[in-house]
Each structure stands twice: as C-alpha cells, then as structure tokens.
Amino acid sequence: MEESMEKTKTVETKALNIKEATTCDATAQMLRKAERDGVETAFHRAFTMKACPIGADSACCKHCSMGPCRLNPKDPYAKVGVCGATIDTIMARNFARMVVSGAAAHTDHGMSMLDVFREVVSGKVKDYTIKDPLKLEEVARNVGIEVEGREIKDIATDLYDELERTYTQVEGEIPFVTRVPDKTLETWRKHGVVPRGSMREIMELMHRTHMGVDQDYENITKQCTRTALADGWGGSMVATEISDILYGTPTPVRAEVDMGCLKEDHVNIIIHGHEPNLFESMLDSVNDPAMIKAAKDAGAEGIVLAGMCCSGAEMLSRHGIPHAGNFMSTETLLVTGAVDAMGVDVQCIKQGLAKVAECYGTKLFTTNPRCHIEGVEHIEFHEHTPRECTDSIVERAIVRFKNRNVPIEIPKTTTTGVHGFSHEYVNYMLGGTFRASYTPLNDNIINGRIRGVAGVVGCTNPRVKQDYVHVELVKELIRNDVLVVQTGCSQISLAKAGLYTPEAAHLAGSGLREVCETVGMPPVLGLGSCVDNSRILIACAEMVKTGGLGDSIADLPVAGAAPEWMSEKAISIGHYFVGSGVYTVFGVTFPIVEETKFHKLLFEGLEELGFGKWGFTVDPHEMAHMMIAHIDEKRRALRIDKARERVLFDMAARRELDAA
Ligand code: BF8
Ligand code: SF4
C-alpha cells in the first residue's frame with residue numbers, strides 16, 4: 001500500500017501543471033486533451049528537460065576541438081579556455097553567434113521578398129502585383145529615387161537595384177540610413193557601426209567569432225551592433241516595405257484571434273511561418289470557386305483559412321485573416337483534430353509538429369527549400385507558379401476532411417479586435433487624413449497624457465507561463481499611461497486577452513485613456529510580424545524628426561521588451577533596438593554571467609557610448625517599472641516631466657467637475 005502511494009506521488013510530482021504552463025484557455029484545454037490522448041508537446045518536454053545551466057549562463061565554448069571548454073559561472077575569472085579565451089570573449093562570441101543567426105534569418109526573409117519583387121517588376125512572376133504604388137513611391141523617395149512623372153515600373157526597377165545594396169554592398173552605408181535621425185547616425189559613424197551590406201556584416205561576424213580571431217569582447221560587440229543594425233534597418237525593413245508594396249500597407253481591420261476560429265464542419269487549413277508569399281497564394285486558392293465547390297462536394301460547409309505565428313500576424317494585419325495562436329500553441333492547435341492541413345515555410349516551425357500531426361491525421365507540409373522536416377511531405381512553393389503548391393495543399397486538406405477519423409474538440413474561445421496599424425496609419429489616425437503627422441503623438445507625449453511609448457514584442461516560451469508575462473507587463477504599462485506597440489507572438493497574447501479593442505481603453509491610465517477615447521483607438525497597437533519591428537524603428541525616427549523629444553532615438557521616452565523570448569531572432573531584434581538607442585528588457589533568461597565585463601558593457605557601457613542598453617528581469621511588474629523609470633528619466637532630461645503632472649492634475653479636476 002505504502003509503496004503504491006509512493007508511486008502515485010512520484011507520478012503526480014512529475015506531471016506537467018497545466019495551470020502553471022499557460023494562461024491561454026484554449027491551449028490549456030488542448031494540453032488536457034493531449035494528455036488524455038497520450039500526445040507529448042514542447043510544454044511536456046520543457047518540463048522534463050531542465051535547461052543546461054552552463055549553457056544558460058553562456059559560460060561554455062565549443063568553437064573548436066581543443067574544447068568544448070566550460071568555465072565556472074560562479075567564479076568566472078578563475079579559469080580560461082584551452083586557447084586562453086576569457087569568460088568575456090566566450091560570452092561575447094556566443095552572443096554574437098545568436099545575433100548573427102537571427103540577423104541572417106530576417107535578412108534572408110527580406111531577400112526572398114526582394115526576389116519576388118524583382119520577378120514581379122520584370123514581369124516573370126504574374127501571380128503577384130504591386131498592390132500599393134503609393135508606398136512604392138514613398139519608399140523610393142526615401143532612398144533618393146526620383147518619382148515625379150515616372151512610370152511605376154521604372155521606379156520599381158530603380159528601387160530594386162537600390163535595395164539590393166542592403167545585402168550585397170561591399171563598402172558604404174545601407175540605403176535606409178536615410179531614415180535614421182542625424183544624431184543617431186552620427187553616433188553610429190563615430191563608433192564605426194553603420195552597416196555596409198548584410199552579407200558582408202554577417203560574414204565578418206562569423207569570421208570574427210571563429211576560434212582565434214576577435215578576442216576582445218568590446219570589439220566583438222561592435223560588430224554585433226553593426227550586424228544587428230543591418231537586420232533592423234536593413235533586412236527586416238526591406239521585408240516589411242516590399243511586403244507592403246506587393247500586398248498592401250495594413251490599415252485597421254477587425255479580426256478574430258484564437259483556436260475558436262476553426263470550424264468543425266469546414267475544411268480547416270493553417271499556414272504557419274514567416275514569409276507572406278505562401279500565405280497570399282493560399283488566400284487565392286481557398287477563395288477559388290472550384291476549390292470551394294470541391295470542399296462542399298466533400299460534405300464541408302466551406303474552407304477556413306487561419307494563420308499562426310508571424311506570417312499569420314501579417315495576414316491578420318493586412319487582410320483580417322483569423323489568427324489561431326502564437327508559437328506555443330502550434331502543436332496544441334493540432335490536438336483539436338480539426339486541422340485538415342498545415343502548411344509551413346520557414347522559422348519557428350517545431351520539429352515536434354510532425355509527431356503531433358501524425359497522431360491526429362493532420363496533413364503537414366513543408367514548402368520552402370530551406371526548411372524540410374524529416375518524415376514530413378514536402379511540396380515546394382515556387383513564386384512563379386505559386387498556386388501549384390497551395391492548390392495541392394487545399395486538395396489534400398479536402399481529402400483529409402472527407403476521411404477524418406479522430407474525435408474533434410475545438411475550444412470555443414475567440415476574441416475579436418482591431419489589428420493592422422502601420423507607422424503610416426499612426427500618422428493618419430493621430431494626425432487626421434489631411435494633416436497626417438506625428439505632431440499629435442509628440443504633443444500628447446510632451447503634455448504628458450501619454451507618458452511614453454513601449455514596444456512589447458517577441459515569442460512565447462515554455463520555460464515561463466505562456467502569455468502571462470506579456471499580458472501582465474502590457475496591462476501595467478498602459479495603466480501607467482504608456483502607449484504600447486506590438487508585433488509577433490506578443491501581439492497575439494494581448495489580442496487573446498482582449499486588449500485590441502477600443503473599449504480596452506478603460507484599462508489605461510487617465511491620460512492615455514483620454515487620447516484613446518478621443519481617437520477611438522485601442523491602448524495597444526498591433527504592427528504585424530517580427531520583421532515589422534522595423535515599423536517601430538521608423539515610428540521612433542518620425543518622433544525624433546517631428547521635434548520636441550530630443551535629437552536622437554536615445555533621447556526619446558521609449559523602451560522595449562521581449563518578456564517571453566526564445567529565438568536567436570529575438571536577440572538580434574533586441575540588439576538592434578539597443579544599437580538604435582532604446583532601453584530593451586528581456587525576460588525568461590539572459591545568456592550571460594553577471595558581474596563580468598561583458599555584462600557591464602551590455603547593461604551599462606553601451607548607453608554611455610550613446611546607444612541604448614539591455615535590461616533583464618523575469619517579473620512582469622518589475623519589468624514594467626524598469627521601463628517606466630527609464631521613460632521618466634528621459635522625460636526629465638527633456639524637461640517635460642512637469643507638464644505631465646500638470647495635465648494629470650487638470651484632468652482629475654475636470655473629471656471631478658463633470659461628476660459634480
Ligand atoms: O519571428 S515572435 S516565436 S513566430 S521568433 Fe517565432 Fe518569436 Fe513568434 Fe515570428 Ni518572432
Ligand atoms: Fe575552448 Fe578556445 Fe576552442 Fe573555445 S575556442 S572551445 S575556449 S579552446
């Protein structure tokens with residue numbers, strides 16, 4: 001008896017505590033179902049596989065076969081690697097390798113967009129067109145291309161040639177430096193970190209982090225900054241701008257988020273990944289009358305198309321396509337049994353999806369030559385004949401619908417919100433169509449109704465309670481009159497929590513609430529996918545150029561956070577925000593040993609050089625107050641701290657009068 005009790009106890013302590021794993025009701029419901037069905041997910045694996053403590057501190061190096069070398073994070077200067085590398089060299093190199101991989105992912109994605117753009121302009125790709133010629137002209141003007149009285153095709157050809165330099169240029173500065181505020185650019189020039197072409201920066205950083213090359217953590221960090229800036233103001237920005245030109249610049253649109261967007265009596269198709277090309281073609285496929293008829297002939301009421309992760313966030317923003325969930329919900333969505341096909345392209349595609357899909361008979365397809373998964377069927381997507389791939393996925397989904405042989409359980413949860421804010425739209429919304437400008441935003445910051453702006457972005461991660469850190473952080477920020485802009489998986493966390501409605505303004509402090517109510521906007525603005533963090537950079541640059549908030553991005557009362565980050569892309573994003581002048585706070589864990597020179601450089605030294613700086617905490621409330629303290633410090637430096645006290649006092653007095 002005692003022995004069996006003992007056993008029960010062991011099993012209990014080993015079980016995943018679903019309440020601690022996620023605050024997403026739909027994901028929790030599906031985790032319970034997965035356990036009943038005997039299906040394992042990343043939540044379970046994270047629970048049973050402890051993170052390696054040495055790796056977590058970044059105190060090991062495997063850059064050559066004299067090692068791998070492991071230093072002691074508790075006594076970091078006691079030892080060096082076999083080659084003599086110090087803890088600072090090792091950590092800086094490891095950090096650089098994360099930045100370089102993240103930057104490569106974003107810039108390669110941007111390159112793909114540029115490939116499609118080139119073929120559209122030359123007429124070789126016919127399934128896509130230039131949907132937003134106004135944006136084309138604006139971007140062309142930004143990089144110094146003459147547009148007046150010229151044909152769209154000629155402008156587009158010149159723009160392609162110019163933007164190609166973002167990648168291939170061997171010497172000189174990347175084209176979008178024209179968008180960087182003068183003083184910020186001056187800081188970059190002074191420290192020699194203005195990116196040339198991303199291929200060059202990525203290659204050089206890979207070289208410098210090889211065994212026996214750059215062994216000065218400060219010098220490594222410099223190239224890290226240059227490479228990260230080549231991502232933010234280069235590859236990511238090209239990805240965003242070309243996507244807008246080809247598929248339209250987002251404007252506010254109501255859309256549904258969460259697993260309840262699936263319908264049991266419909267063929268359900270999910271697209272998950274990052275490059276919008278696949279998804280745009282899928283949108284055509286599912287709207288093709290022949291495909292709809294085929295679905296109906298198979299007994300379905302129609303076809304549901306929904307997105308996940310970042311290309312999902314782009315389609316949500318551009319077309320109001322429903323979004324089924326963020327990174328930590330990709331496996332659990334398949335547990336519904338209702339997904340007939342999932343097509344993936346690149347990035348954040350867990351290999352674990354293959355097993356879960358197999359358990360529920362879901363057809364999983366890889367489509368991009370860069371991303372195959374062992375044992376998963378590959379239907380290659382070609383931009384010249386995109387429908388071949390997407391039609392074929394729809395056909396296969398219909399067959400699976402007809403032959404469904406697993407019980408279906410779809411969580412009922414969906415939340416409708418307003419998405420699709422581009423930096424251009426922030427202009428119109430706050431400035432009005434006829435006087436589009438950032439002046440009203442700046443004015444509201446200067447008069448103190450809006451205390452500052454925070455970008456809250458990034459992943460979800462099974463090492464922390466899914467969505468919880470995002471939601472708590474954002475609620476605390478808006479309660480303190482900080483306007484929040486978002487992208488990626490974080491945007492989906494807050495959308496599920498209902499913060500994407502104008503009504504959510506009641507959760508904001510009195511100043512921000514007043515602005516939201518006047519304009520009719522939510523207190524949290526979704527800007528799209530992770531490459532669309534470039535929209536936040538542009539918004540920051542516009543705020544500087546509009547005036548009254550200092551001369552450089554580092555002067556602005558703004559801060560950034562990725563509270564549940566997991567990917568190397570997130571580190572690259574964090575570092576390009578820091579490089580641009582923004583205080584950026586990460587949660588979960590930070591790959592560094594505290595009280596080392598490298599730590600001091602990232603968390604203090606970079607700011608002294610005129611850049612931003614890194615911050616870290618796992619606690620959402622502490623994170624909010626670190627960001628708010630920074631915003632207040634910037635307000636003081638700008639001498640606008642007193643105005644805020646006055647305006648809040650006036651508003652309180654007016655409310656009292658209204659109430660009387
Ligand atoms: O690029 S936020 S989990 S989906 S890495 Fe990935 Fe992180 Fe989501 Fe998009 Ni961004
Ligand atoms: Fe060890 Fe140096 Fe080789 Fe790294 S590069 S594994 S620290 S010997």
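The values are calculated or read from the model by the stated rules, or taken from the named source; none is laboratory data. In this text, all values refer to a predicted model and were calculated from it rather than measured experimentally. Glycine gets a Cβ as well: all are built from the backbone with ideal geometry, and neighbour counts include every protein chain shown. Please note that ligands, DNA and RNA were not included when accessible areas were found on the heavy atoms of the full protein model with its side chains. Shrake-Rupley method; radii C 1.70, N 1.55, O 1.52, S 1.80 Å.
Extension gain for the segment T157 to V618, taken as residue separation times 0.36 nm less the Cα-Cα distance, is 161.2 nm to one decimal. Calculation over all alpha carbon pairs of the chain in 10 angstrom steps from 0 returns a P(r) of 3, 16, 26, 27, 19, 8, 2, 0, 0 percent.
When H319, H599 are compared by accessible surface with a 1.4 Å probe, the order from highest to lowest is H319, H599. Seen from R463, the other residues with C-beta closer than 15 Å to its C-beta sum to a net charge of -1, counting Lys and Arg as +1 and Asp and Glu as -1.
List the DSSP H helices in the chain whose Cα atoms stretch 30 Å or more along the helix axis and whose mean Kyte-Doolittle hydropathy is at least -0.5. Intermediate results must be reported in sequence, preceding the final value.
Values: long enough: 87-121 (50 Å, 0.42).
Helices passing the filter in the chain: 87-121.
Past the 23 angstrom mark, what percentage of all C-alpha to C-alpha distances in region 420-571 do you count? Roughly 31 percent, rounded to a whole number. Using 0.36 nm per residue and subtracting the Cα-Cα separation, the extra length available between K642 and V253 on full extension is 136.3 nm. Hey, how many Å between the Cα centroid of region 631-648 and the Cα centroid of region 63-126? Comparing the Cα centres of region 631-648 and region 63-126, I get a distance of 40 Å. In whole angstrom, region 1-143 maps to an equivalent ellipsoid with semi-axes of 45, 33, 13, each derived as √(5λ) from the alpha carbon gyration tensor and ordered largest first. Of the residues M211, M342, ranked by 1.4 Å probe accessible area with the largest first, the sequence reads M211, M342. The lysines within cross-link reach of K402, meaning a Cα-to-Cα straight distance under 16 Å and a gap of 8 or more places when in the same chain, are K263, K293, K296, K363. Per the Debye formula with a single identical scatterer at each Cα and no solvent contribution, what log10 I(q)/I(0) holds for region 304-432 at q = 0.10, 0.12, 0.17, 0.19 Å⁻¹? Cα-only, vacuum Debye calculation for region 304-432: -0.37, -0.52, -0.96, -1.15. Taking all protein chains into account, the per residue accessible area for the chain stands at 39 Å² (1.4 Å probe). The candidates V116, V82, arranged from most to least accessible area with a 1.4 Å probe in the full protein assembly, appear as V82, V116. Distance distribution P(r), region 540-600, all Cα-Cα pairs, bin width 10 angstrom from 0: 21, 43, 27, 10, 0 percent. For region 616-660, the convex hull drawn through the C-alpha positions has a volume of 65 cubic angstrom per residue. In whole percent, how big is the carbon plus sulfur part of the accessible area of the chain, probe 1.4 Å, protein atoms only? After summing per-atom areas, the C and S share lands at 51 percent. Listed by chain and number, the aspartates and glutamates placed with their C-alpha closer than 16 angstrom to that of K634 are D443, D481, D551, D555, E604, E607, E608, E645; residues fewer than eight positions away on the same chain are left out. A Förster radius of 45 Å, combined with the Cβ-Cβ distance separating K50 from L134, puts the computed FRET efficiency at roughly 0.30. Diffusion coefficient (Stokes-Einstein, Kirkwood radius over C-alpha pairs, 20 °C, 1.002 mPa s) for region 79-152: 132 µm²/s, rounded to a whole number. If you take the Cα Rg of region 144-269 and divide it by 2.2 N^0.38 Å, with N the number of residues, what do you get? Cα Rg divided by the expected 2.2 N^0.38 Å: 1.45.
Distance between the 7 Å Cα→Cβ label points at N447 and C371: 4.6 nm. Take the Kirkwood radius over Cα pairs of region 129-172, plug it into Stokes-Einstein at 25 °C and 0.890 mPa s, and you get 225 µm²/s for translational diffusion.
Across region 146-217, the convex hull enclosing all Cα atoms gives 96 Å³ per residue.
Available extension along the chain between V213 and D75 is 47.2 nm, counting 0.36 nm per residue and deducting the alpha carbon span. Both radii come from the Cα set of region 231-297: Rg as radius of gyration, Rh as Kirkwood radius; their ratio Rg/Rh reads 1.05. For region 459-509, the C-alpha radius of gyration divided by 2.2 N^0.38 Å, with N the number of residues, is 1.10. The alpha-carbon atoms of region 538-660 define a convex hull whose volume equals 138 cubic angstrom per residue. Of the cross-linked pairs K153/K183; K19/K412; K62/K222; K190/K600, those separated by over 28 Å at the C-alpha level are K153/K183. Value of Rg to Rh for region 192-331, rounded to two decimals, is 1.17; Kirkwood radius and Rg both from alpha-carbon coordinates.
With the simple model of a label 7 Å out from the Cα in the direction of the Cβ, R654 to I379 spans 5.7 nm. Note on T589 and T413: their simple-model spin labels are 2.6 nm apart, each label 7 Å out from Cα toward Cβ.
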